[in-house]
Protein chains: 4
Amino acid sequence: MSKGKIMLAAVEVFSENGYHRASMDEIALRAQVAKGTLYYNFPGKSQLFKAIVKEGFEKVMVRIQADLTAPIPLKEKILLTVRHHLHLFLDARHFSHIAFNELSNGIEQDVLDELNTLKQRHLAFLAGILEEGKCEERYLRDFDANLAAAGIIGTLQHMCQYYLSHQDRYAREELERDAFMMISEGLFNKVE
Amino acid sequence: MSKGKIMLAAVEVFSENGYHRASMDEIALRAQVAKGTLYYNFPGKSQLFKAIVKEGFEKVMVRIQADLTAPIPLKEKILLTVRHHLHLFLDARHFSHIAFNELSNGIEQDVLDELNTLKQRHLAFLAGILEEGKCEERYLRDFDANLAAAGIIGTLQHMCQYYLSHQDRYAREELERDAFMMISEGLFNKVE
Amino acid sequence: MSKGKIMLAAVEVFSENGYHRASMDEIALRAQVAKGTLYYNFPGKSQLFKAIVKEGFEKVMVRIQADLTAPIPLKEKILLTVRHHLHLFLDARHFSHIAFNELSNGIEQDVLDELNTLKQRHLAFLAGILEEGKCEERYLRDFDANLAAAGIIGTLQHMCQYYLSHQDRYAREELERDAFMMISEGLFNKVE
Amino acid sequence: MSKGKIMLAAVEVFSENGYHRASMDEIALRAQVAKGTLYYNFPGKSQLFKAIVKEGFEKVMVRIQADLTAPIPLKEKILLTVRHHLHLFLDARHFSHIAFNELSNGIEQDVLDELNTLKQRHLAFLAGILEEGKCEERYLRDFDANLAAAGIIGTLQHMCQYYLSHQDRYAREELERDAFMMISEGLFNKVE
DNA sequence: GATGAATGAGCTTTCATTCAT
DNA sequence: AATGAATGAAAGCTCATTCAT
């Protein structure tokens with residue numbers, strides 16, 4: 001059907017040009033359907049955008065959740081989560097670019113609202129893992145879990161972004177190691 | 001003169017609406033000048049945007065640098081830097097929103113390029129501080145300084161963003177404490 | 001379809017107002033289509049202009065060529081050509097006004113270039129007829145055929161222009177007679 | 001004074017860009033005066049344009065007239081006139097480009113009217129010379145003098161234009177010879 | 001289900017002109 | 001006599017959306 005082709009094309013076009021510069025013409029062209037077909041399948045540009053981000057977030061969370069059902073130690077869980085997000089920010093770059101850069105202002109309010117909800121849910125999901133760790137293992141510092149989750153996402157996103165524009169300088173293992181260290185142990189040596 | 005009024009209005013409008021939804025009409029209206037005056041003072045929308053971000057980055061860096069000239073211990077320096085960035089992301093929200101959310105795609109390439117340069121410079125500036133700490137005090141873990149700097153900015157930005165949309169739930173001190181802890185010591189207790 | 005309506009309206013508007021004063025709004029109005037329709041059918045103002053002139057030149061040359069295929073004497077050919085150009089400058093006034101007056105500066109360079117090419121081709125076409133006459137009938141003076149062709153067009157254009165702004169004073173036959181005489185025999189009597 | 005500088009600059013700018021693309025900014029820049037100064041010296045763009053063309057036409061006619069006062073034979077007079085116009089179209093290219101290409105439509109009506117008057121006067125002046133020849137020397141064919149004058153100007157203008165864009169192919173003497181021949185004797189040999 | 005010609009609101013930009021100095 | 005910051009009307013163009021087929 002057309003719906004799939006359109007969504008695939010739309011992810012690309014939105015991520016390459018940003019929400020506003022992405023034109024329905026371009027998406028139709030890339031999806032090899034007529035412009036009218038876009039409107040036959042989606043109510044409008046903003047709803048198409050919404051559909052894409054929603055689907056993307058759901059896929060990601062399902063995948064992570066599947067990996068975390070097994071009862072593994074917290075540290076392991078966090079390492080896994082970090083890996084998943086590296087994958088998200090590096091390999092599913094099209095989607096993550098849309099989801100994390102294009103959600104600021106300048107988009108129809110209703111879309112923005114729903115997308116923020118999705119991001120909140122994602123955050124809450126991460127926070128849940130942390131909370132769990134805090135209760136069960138009294139292993140974690142006394143953070144607010146939501147703030148900490150936000151911090152983690154931020155760390156990963158920006159490190160990946162930097163990595164992507166300087167791929168020649170680093171190996172992916174370095175990135176992974178530094179990211180995990182940063183998140184789990186912070187900047188300072190605990191020597192003293 | 002008009003130039004100042006325009007830049008002030010433009011920061012607001014850009015941050016409220018994003019680059020593309022911000023219209024020159026609105027900026028002119030807000031600055032209480034005629035539309036032509038915008039073009040008398042700036043070559044065009046993208047250059048106006050560029051001018052604003054540039055000026056903002058420069059101000060921020062000058063302010064931080066001024067605070068860090070005194071020979072204070074690294075931990076102190078980082079605390080200070082964190083505070084400055086909290087200020088940036090919370091109080092100079094208009095600017096930081098532009099500078100860190102609006103720099104994705106969909107903006108004229110030349111503007112994007114220069115703005116990325118500014119962000120790199122900002123990162124390099126932070127990395128410089130870390131590097132210094134690494135050399136002089138062998139206090140820091142063996143990170144790549146640039147990656148670490150990116151991680152720090154990311155942490156702060158996302159934590160602040162979360163904080164801003166849940167201001168009712170947290171006191172600023174909490175945010176500050178958690179942010180600093182997160183950055184300096186990471187998630188985990190070092191007990192065992 | 002709209003394309004035809006637009007071109008018809010555009011010829012009128014361009015010829016009445018000149019390229020720069022002709023506005024896309026006016027053309028759309030005259031063609032009874034929405035402004036967007038202009039841009040749906042043509043990439044922009046300059047390309048619309050180009051399309052019009054191109055089509056016009058082609059029509060003219062085809063018509064003349066069709067009349068000149070028969071093997072008639074040179075003098076006859078030239079008389080015919082003169083008649084065709086009188087028709088062009090007098091009856092297809094809208095088009096010829098565009099094609100011969102609006103091709104100066106102040107128009108997008110690429111359009112100008114192509115339009116000059118068209119004019120050159122038209123000239124070359126005339127020059128070809130003359131050249132033929134020179135070879136076959138050693139009837140013509142020893143002109144450079146291109147220069148002569150340019151001279152002929154110039155003569156006709158300016159005479160027609162003068163005639164058009166003083167139609168009350170002359171009959172069309174006078175114009176035709178004088179034009180042909182001027183071109184074929186020049187100012188002076190060959191009496192002596 | 002500024003007036004002179006402005007007119008000099010304006011001739012250049014108008015001829016390079018055409019009336020509409022020529023901007024008052026550019027003229028002011030080129031004349032090295034402030035924009036306000038243009039309006040101090042001339043009521044507006046169209047009046048500045050008018051002033052330039054008027055001055056130009058007057059200069060030309062004065063120069064020709066000065067050369068024709070002496071009682072020389074008609075043929076000589078016409079040769080001289082041709083030479084003067086070659087000079088006009090080739091060497092005073094800036095001015096003649098304005099005067100003969102930019103006078104179509106798309107210019108304020110009142111300016112257009114006056115400029116047409118100037119062109120008419122110029123034509124009438126040439127026609128006067130021809131008329132004289134017709135009466136005194138019964139040497140000329142029985143043309144309408146005005147139509148003939150228009151034809152002459154047209155011939156010269158177009159030949160010069162062609163020559164200018166193919167300067168590599170012709171010597172100026174060739175142009176002069178062909179132009180004079182064309183005008184005085186037409187295309188055909190009178191052998192028979 | 002799918003099409004694509006047509007739309008029109010809204011945008012950035014240009015530029016002749018004004019006027020306080 | 002000269003300036004130049006400021007103006008605002010008018011232009012070209014984009015693009016999400018509609019609708020008859």
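The values are calculated or read from the model by the stated rules, or taken from the named source; none is laboratory data. Not measured: the values here are computed from a predicted model. Please note: Cβ atoms are built from the backbone with ideal geometry, for glycine as well, and neighbour counts cover all protein chains shown.
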Exercise for review: Read through the list (1) within 21 Å of the chain's Cα centre (by Cα); (2) surrounded by fewer than 17 Cβ atoms within 10 Å (Cβ to Cβ); (3) within 7 Å of chain A (Cβ to nearest Cβ), then give the number of the only condition that residue B:189 fails.
Suggested key: (1)
Point to revise | Residue ID - farthest from the other protein chains (Cβ to nearest Cβ), chosen from residues in region D:32-63 that are away from DNA strand E (no atom under 13 Å from the Cβ) and in contact with a Leu (Cβ under 8 Å, 6 or more places away or on another chain) | key: D:54
Point to revise | Counted residues, region A:1-51 - those being polar (S, T, N, Q) and away from DNA strand F (no atom under 13 Å from the Cβ) | key: 3
Check your understanding: Of all residues in region B:3-23 being within 8 Å of DNA strand E (Cβ to nearest atom) and surrounded by fewer than 18 Cβ atoms within 10 Å (Cβ to Cβ), which is farthest from the other protein chains (Cβ to nearest Cβ)?
Key -> B:23
Review point. Do the conditions hold for residue D:97, that is, is it more than 14 Å from chain C (Cβ to nearest Cβ) and either away from DNA strand E (no atom under 15 Å from the Cβ) or touching a strand residue (DSSP E or B) at 6+ places or on another chain (Cβ under 9 Å) (or both)?
Key: no
Point to revise | Members of region A:19-36 found to be within 24 Å of residue A:115 (Cβ to Cβ) and in a helix (DSSP H, G or I), listed by number | key: A:19, A:20, A:21, A:24, A:25, A:26, A:27, A:28, A:30, A:31
Study note, to complete from the structure: Scanning region C:141-155 for residues that are buried (at least 24 other Cβ atoms within 10 Å of the Cβ) and more than 7 Å from chain D (Cβ to nearest Cβ), the one farthest from residue D:154 (Cα to Cα) turns out to be C:149
Review point. Restricting attention to region C:101-117, does a residue exist that is under 15 Å from residue C:152 (Cα atoms) and touching a residue at least 24 places away in the same chain (Cβ under 8 Å)?
Key: no
Check your understanding: For region A:1-34, how many residues are of a type in the set (Asp, Glu) and either at pLDDT 95 or above or more than 22 Å from residue A:101 (Cα to Cα) (or both)?
Key -> 2
Practice item. Tell me, yes or no, whether region C:110-120 has at least one residue that is surrounded by 16 or more Cβ atoms within 10 Å (Cβ to Cβ) and over 16 Å from the mean Cα position of the chain (by Cα). Key: yes
Point to revise | Sole residue being farther than 21 Å from residue D:115 by Cα and either more than 19 Å from the chain's Cα centre (by Cα) or in contact (Cβ under 8 Å) with a residue 12 or more places away in the chain (or both), chosen from D:45, D:5, D:50 | key: D:5
Check your understanding: Inside region A:156-186, can you point out the residues that are more than 8 Å from every other protein chain (Cβ to nearest Cβ), free of Cβ contacts under 8 Å to residues at least 12 places away in the same chain and surrounded by 14 or more Cβ atoms within 10 Å (Cβ to Cβ)?
Key -> A:177
Exercise for review: Looking at (1) within 16 Å of DNA strand E (Cβ to nearest atom); (2) of a type in the set (D, E, K, R); (3) under 30 Å from residue C:140 (Cα atoms), find the lone condition where residue C:83 falls short.
Suggested key: (1)
Check your understanding: Quick check: is even one residue across region C:128-137 without any contact (Cβ under 8 Å) to a residue 60 or more places away in the chain and under 27 Å from residue D:106 (Cβ atoms)?
Key -> no
